[in-house]
Structure formats: C-alpha cells, structure tokens
Amino acid sequence: MKSLSAYEKVVVVFEHFLQSILAIIALGVVYRYCWIDISDPYKCGALLNKGRWLDPGPRWSSRNPFQLWQPPGCLLHEYKKDDIQECFGRRRLVFVGDSTTRQIFWAVAKKMDQERAEEEISEMLDMDHKHKDLDFTSAGVTVQFIWDPWLNSTGLDEELENFKADPRQDDEDGGAMSAGLILLGAPGLWNARHGQENYFKAFRESIDHVIPYMDHAPVGSGMSHQLSKPFPVRQTSPNLLLLAPVQVPRYQSLSPSREETITPEKIDVMNDLLQQVSAHSYADVVWSYSLMTFSGRGEYEDSGLHVVENVAHRKADILLNLRCNSNAAANGYPFDRTCCSNYSHMASIQWLMLLGGMFLLPGLLFIRRKHSTIKISRFLSNHEVTRALTVFGLVVCFCFYADRTQIFEKSHKVFHRRQFLMALSAVTALGFLSIRRSKSPTSKNSRSMTTYDHGFLSRDQSDEWKGWMQFFILIYHYTNGSSTLWIYEIVRLLVASYLFMTGYGHTLYFLKNGDYSLARVATVLIRLNLLSCVLPYMMRTDYQFYYFAPLVSFWFLVIYFTLKIGHRNNHSTNFVMKKVLLSAMIMTAFTMIPGILEFVTFTLKYTCAISWNIKEWRFRTFLDMYIVYVGMFVAILFHRTSQLRSGPVAPRMAVDSILQVAITHGKLYRIGTVLLSLILLPGFWSLTRRSPNKQDYNWWMPFISFIPILSVVTLRNCHRLLRNYHSKIFAWLGRISLETYVLQYHIWLAGDTKGLLVLGLWNPWLETAMLTANFLWLSWLMAGATQTISVWIIGKRPASRAYEEDDTVGPKHLPYLLQRMESGEGTPSKDIRFDIGQSSTSRWVEKCIVRFREDLRWRLGLILLAMWVGNITYR
C-alpha cells in the first residue's frame, strides 16, 4: 500500500472526525428518545406542561412579541379556520370559567372569524353583558362559553354528563353529542376575590366536583395516558376534558381592591392543590399556561389579570394542538404539527425503501467487499456504484428518521437580525480567507499559472458564485430571514442569478459542442432530479415541493428545444436570437394564459397520479422567466465574440459589428461597462427599497432582475486578476449546491422547512455546529453518490474529467460514510458476465439484460415505468 501524502492524511483525519460527529448525533438522539423521552415519546406531556417564549418582550414593542411558544422538542402549529373546521366538524368547543377563560374562548372565535368576533366583543362591552354565556358559530363549528367562575353551574353539569373521551361512543342520531374539547378554568381568582375566609374550602369543593368526570377512565387509559400515546383510531382524535390552572396575575398592576384580596399566598396554595390532584389522578392540568406568564412583564394587559391577545392565541393553540394533531398527518406535508403527533402510518413503499436503504444495499456492499467470488455478487455493478447506491439509500433513510419521526427534536425558527448578520459575516470571512488562484488546466508550472487567463465566467468562478449564493440562502432559511423584506429581495435575486447561469451555461454548451443527444439530456435531468424524485416517495411530499430541481429542469428543456430546433443553422447569430425571442413569447403565453397549464395538470393527474399546484408553479416560473433568456443572450454574444477573436470572420449582422468594436477598443469598453455597473447597482437598490411588500416586489422582479445580475457579472470579470482568483470554500459549496438545497429540508431544517432540527441534549450553539457539519458532509456524500449513479444509469464509465464537467465534486478526496476500498478490492472492474445457463428462459433474460445494458432508452423507460407504478400505488 502506497504511503499517503500530508494532504491525504488530513483528509482521512477529517473524514474520521465527521464520522464521529454522525455517530455522536445518532447515539445522542437514540439515548434521549429511548430513555429521557420514554414516558412522553409523542411530546403530548411536553406540550401540556412545559415551554418557553422564543420572542419575549414588552407588549408595546414594535416587534409584536409573544407569537412563538416553544414546547420542548416539537413544533406548535398555529391553527386557522380551515384547520379547526377539519378537526372538529360538528363537535363543539366548550369553555367554562371566568373572564380569563373567556379570553381563550374569544381567541378561538377570532381564529374562526376575526371581524365578526371583534364586533361581538364590542357589543358585549357596550351592553355590559360580561357575565353571561356566549355562543359563536362559524363554518359549522360552534364555540361556547359558560360563565361559571365557581364551577358549579347546571350548564357545566350537563356538559360533564354528556362528555365522552371516545368520539365513537357518541349518539349522533339525535342524542346530546359530547363536546370535542372542554376547558375548565380553575375558579381561583374568583375564590380569592370573593371567597373571604372560606376561599380555599370553596375552591377544593369546586375541584372535587369536576375531578370524577376527569378521572372516569379505567386505569391505564386516563387522559394523561391518552395524551402520551396515539389514539387507537388514527382517523379520530380523542375528545379532551382539561383543567386550566389558576391564572397568576401581575400583582403590581392590580387595582387596590383586588390587590388586597388576590394575594400570592392564596394563588400559590390553590395551585399547589391542583398539582396534588393532577399527581394522584388522571386529571390533566394545562400547566404550560402558568409558564406563559411566569416572567410577569409584557404578557399582561393593564388590569394585571388578563393577558395580551398574542398570549391568549397561543393558549388556544395549545388546546387545539393537543386535540387535533393526532390527525395532522392525514393532511399531508408540511409536517409542521409535531407536538402530540405520531406522524402517520408508513406506506408499503416507505417500508421497502427503509429495508433496502438500511439493510439490503449495505448487505450487498458487504458481500461485494468480503466475498467477491460468490455468485450473487456477479449480478451487482462495480463496487463504486454499489457504494454510491448504499450512501444514497442511507442518506434518504436518515432524512426519514430526522423529519418523519419523533427521534429528533424540532424547534421553531425565529429571526434575530444580529444572529443573521453574525452568521453572514463569519461565512464571508471564511470565503475571503480561502481565496486562491485558479489552476491552469494545461500546465502545472508556476509560470503558466501567472499568465493563463480563465476568461469570462469560468468554471471556478461560476462554482464560487453558486457557493456564496447558497451560503446566503442557507442562512436565510435557518434564521427565518423571509420575514424581513430586504433579505427576501436579495434572495429572489440570488435565485434569479442561478437561473441566469442555467441559461448561460447550457446555451454555451450546446452552441460550442452541438451535442443534442438523448445521453446529454438524460445526464442533466437525472443529475438534477435523482434526489428530488426519490425523496417524495420516502417523505410523503411531492416533486414540486423541492421546487428548484423542477424549475431548473424545466428551463433546461426549454433551452434544449429552443436550440435543437433548426440547430443546423445555429451558426447564424441572427437565427439563434430570433429563436430565443420566439421561445420567450411562447413560454410567456404557455405560463400566463389560463387553461394551458390547467390542461397539463389534468392530464398528469389522471394518467400519472401527479398532483401539481398550478398557482405555485405559475408564480415560480413567471417570477424568473426572462432572466433565463438574458443568460441565453449573453451566452450567444460570448460565443460569437470568441469566434470573432479566434480569426477573421465576416460580420453577418449589426451585432457582429458592435462586438468587433468592443473587441478592438476593449479597454474603453471595459471602463464604460464598469462605470455603468457601478451606477446601476445602487440605483437598483434604492429603487427596490421603495417596494412596500413582497407582492409589489415580485411584480417588478421578472423585468428588472437582469440589472444587478449583469452588473455583478461585469464587475466580477472586468479584470484578469478578478477572473483568475476564486474562493475555494464557496466553490466547494457551489459544486454541491443542489444537494444542500434539497437535503436542508429534512436533515438541517425540520417540519418541511417550517422549523429547525435539534438534538435537545446540549448547548444550542454546539448542537447547531454539529448538525451543520453533519448536513454539509452528507450533502457532499450525496453529490458524489448521485454523480456516480447518474453516470452508471447513462452507461458511461466514471472518470475524473466527467466529474469536472457535470457540476459535481471531484472523486479523489470524497469522504465516505463507509470505509473506502483499495484498488482491486471487491469485484473486478471488467465487464460482468452472467452465468445464467442455456435454457430458453435464461436466453430471454440474457437478451433483456443485454438490451438494458446497451440501450439507454430501455433504462430510462424502466425508470419511468417504476415511477409511474409508484405514483399510482402509493398510499
């Protein structure tokens, strides 16, 4: 075995370090899930008893605080009208208690119909009808409030008598139907205020009155146990009967008369009784309500008794998440209701993919590695492909366990300007520190490196561009930067920049090489879509969810057909430009005229079982439509300029004369374009800052995005010093930008990008560093695996040059999840010969195998057939 160089030793050590991080993450989450969370695996108890504010602050703050309540390890869903209607149907929500409970009643009513609820509140205050029962019905759902500050009314008794925890026991043929949710407000404030010396006795009697109804279930199936395990019938959530603790007031804000009677000693002793009751019965007390006002600052209104509206809404959301989340998985992605939820039952295809990814493929790799002479290994491909398939399968399975189970904890995203800028500054500093001169492709001697000019938009430069854009987008997603308009505007430009490079790169390739073969189309499409086509089957999403791969694939096909039609005349710049203009008009009509996309969607739905969100797709395609054609025009002009530079070419149109002048007076031309770019960039920024919202900015985006993009391209390429140096870290990320964009959805973010993946064990900053390193490493692995699989499907032999030309990473120093093989280890790399006998069946099988090996169309047809069968049978 040859000795390793110093660089290779560093790479090996770094590989082992990353493998150790993955092992620590895996052991940590298994330990937490199997030991710490064993009594509350679905986070129902966490939602009921714990939590903290992610955005606390004074109630008069302009930040609008108290919107993000974070239960330990899960995502609290903000319920809206449609969600409530879908959850409860004909069942009622009943709130019983005093004015603090009434606040939660009105919070649910506002979720149903904000305007009408506010009108009824105003009417109630004007007529001074505070102490009365209330009904609110919207979209078939009825929300009721029973004014009963002592918990001793006949209305309460009727609700308790009719209550059934199991909805299947209800008599829906005319009998009194049980409420789907009952919240009892503990009568502590009223007892403290009006109970005088007997306040505690009266409080105890009220609690003793309702506990038998909360404690009615047989041992082992009480509500506290129901909240810690999924309901037996996944299609039906259990009805809930819950008790709210005594509202702890803000004592400093109470009126003198209230301050005299409502004392901390009284409130504490009553809540102590509730703790004893909940500890010795099946009664469930929503203790998280007490934690919501624990700091006692901005959570309260001026009265000191009632909470601000945002806090009341989150109290309502806790109840709705407890009651409704067991059915949430049936609604499909995004799976952002992870509190008190067991996700969904796995489909058969998910079981097959887990079995194949975690056991079958690793087993086959082991067989190839250790027993390369036995017959079964002859049917396998070479060990590089087997290893790539294994890595691909393991990473996809990791996505499932990270974002479709409770093994990993989830946390809400919250935007902090300071954290966003700190992360951006750190990445920028690393990018500058890694700036190096691009290597000459022809020679390795130092003299050629100093004289070689990589030219306009070289490969290193485009990789660097994609890399720093991807870093910005990742930070934007992780820190919830979409809530800030100016950050959103920048990200929209970054996406447009990537599509500009798509138009430029593919157009230049076709014009230079004239390669319009099926192999080229298949190579690009498989490389772009392999991961985003497999994940929907495992993650219960759809292809459009990973919108960037469909978007880039769509524009690649547009570029391909635009240039392929009449490609024998592509030597004429005039002809090509006319085709591009015609293509732009056709695609505008195809996208924006109603009925065309709808017909395509209808066809896909009933032939391939593909659901396509037309509104979303129309928005995505039109938002960056014309920047792709700008990239095509730049590629055409650059290609023509290269022809004019290479030798005397007779001008064929006016643009040739303009290009010739630019070549002749190159220095003046560069100075002029640089000055123009320096003027346009700040002008564009000041113009877009006038947009009041995202909708206004999106309307202008298709028509003005080319201004900053062309300006940046001009400045980046205005001098050979700028062209010949690039940031290695940014270029590295640029080569795996597709994988980082797709995998971030499930192994870095959580809840289908709605939250963050966390471990729930150590310091949050340490966990973020570990999960980020793991995410980038797995993305790197997946990039190499995807490239190898793509080359294998197409039928080419992997080579280092192939890796360099197809937007992937080089094969030399890729880290691997599994130990690498030495040269010659495993099955030889010669063509595989199958020993399948001489029977007619064997000859037929051999012919099919040969046909699949030699004809790309058969392989692609088999892949499409497998996807079609998967679509129509997926449940």
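The values are calculated or read from the model by the stated rules, or taken from the named source; none is laboratory data. Quantities reported herein were computed from a predicted structural model and do not represent experimental measurements. Cβ coordinates were reconstructed from backbone atoms using ideal geometry, including for glycine residues, and neighbour counts include every protein chain displayed.
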Completion exercise
Among (1) hydrophobic (A, V, I, L, M, F, W, C); (2) at pLDDT 85 or above; (3) touching a strand residue (DSSP E or B) at 6+ places or on another chain (Cβ under 9 Å), residue 472 falls short only on (3)
Handout entry: Flag if residue 500 is modelled with pLDDT of 95 or more, over 20 Å from the mean Cα position of the chain (by Cα) and closer than 21 Å to residue 739 by Cα
Key = yes
Handout entry: Residues located in the stretch 669-727, provided they are under 25 Å from residue 435 (Cβ atoms), among the charged types (D, E, K, R) and surrounded by 14 or more Cβ atoms within 10 Å (Cβ to Cβ)
Key = 670, 716, 723
Exercise for the section: Might you let me know whether the stretch 718-733 holds any residue that is within 29 Å of residue 502 (Cα to Cα), modelled with pLDDT under 95, part of a loop (DSSP other than H, G, I, E, B) and out of contact with any Phe, Trp or Tyr (no Cβ under 9 Å at 6 or more places or on another chain)? Expected result: yes
Handout entry: Flag for residue 47 being hydrophobic (A, V, I, L, M, F, W, C), part of a loop (DSSP other than H, G, I, E, B), surrounded by 15 or more Cβ atoms within 10 Å (Cβ to Cβ) and in contact (Cβ under 8 Å) with a residue 12 or more places away in the chain
Key = no
Fill in the blank from the handout: Residues in the stretch 249-287 that are among the small types (Gly, Ala, Ser) and either closer than 23 Å to residue 209 by Cα or at pLDDT 95 or above (or both) total 4
Completion exercise
Flagged pairs (Cβ under 7 angstrom, 6 or more apart or on separate chains; first in the stretch 739-767, without any contact (Cβ under 8 Å) to a residue 24 or more places away in the chain; second aliphatic (A, V, I, L, M) and not in a loop (DSSP other than H, G, I, E, B)) are 767/758
Completion exercise
Sole miss for residue 327 among (1) polar (S, T, N, Q); (2) modelled with pLDDT under 90; (3) within 22 Å of residue 757 (Cβ to Cβ) is condition (3)
Problem - Residue satisfying all of: in the stretch 63-103; of a type in the set (S, T, N, Q) and in a loop (DSSP other than H, G, I, E, B); surrounded by the fewest Cβ atoms within 10 Å (Cβ to Cβ) among these - result: 64
Practice task
State yes or no: is residue 159 without any contact (Cβ under 8 Å) to a residue 40 or more places away in the chain and in a helix (DSSP H, G or I)?
Solution key: no
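One line per residue, one yes/no per condition, for (1) of a type in the set (Gly, Ala, Ser); (2) assigned to a helix (DSSP H, G or I); (3) surrounded by fewer than 21 Cβ atoms within 10 Å (Cβ to Cβ):
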| position | (1), (2), (3) |
| --- | --- |
| 739 | no, yes, no |
| 752 | no, no, yes |
| 757 | no, no, no |
| 762 | no, no, yes |
| 767 | no, yes, yes |
| 776 | no, yes, yes |
| 780 | no, yes, no |
| 784 | yes, yes, no |
| 790 | yes, yes, no |
Fill in the blank from the handout: Every listed condition ((1) touching a strand residue (DSSP E or B) at 6+ places or on another chain (Cβ under 9 Å); (2) not in a helix (DSSP H, G or I)) holds for residue 430 save (2)
Practice task
Take the stretch 569-600 and flag every residue that is part of a loop (DSSP other than H, G, I, E, B) and surrounded by 12 or more Cβ atoms within 10 Å (Cβ to Cβ).
Solution key: 570, 571, 572
Fill in the blank from the handout: For the stretch 601-626 the number of residues that are part of a helix (DSSP H, G or I) and of a type in the set (A, V, I, L, M) is 4
Exercise for the section: Sort through 98, 113 and tell me the only one that's assigned by TED's automatic domain parsing to the domain that holds residue 143 and within 38 Å of the chain's Cα centre (by Cα). Expected result: 113
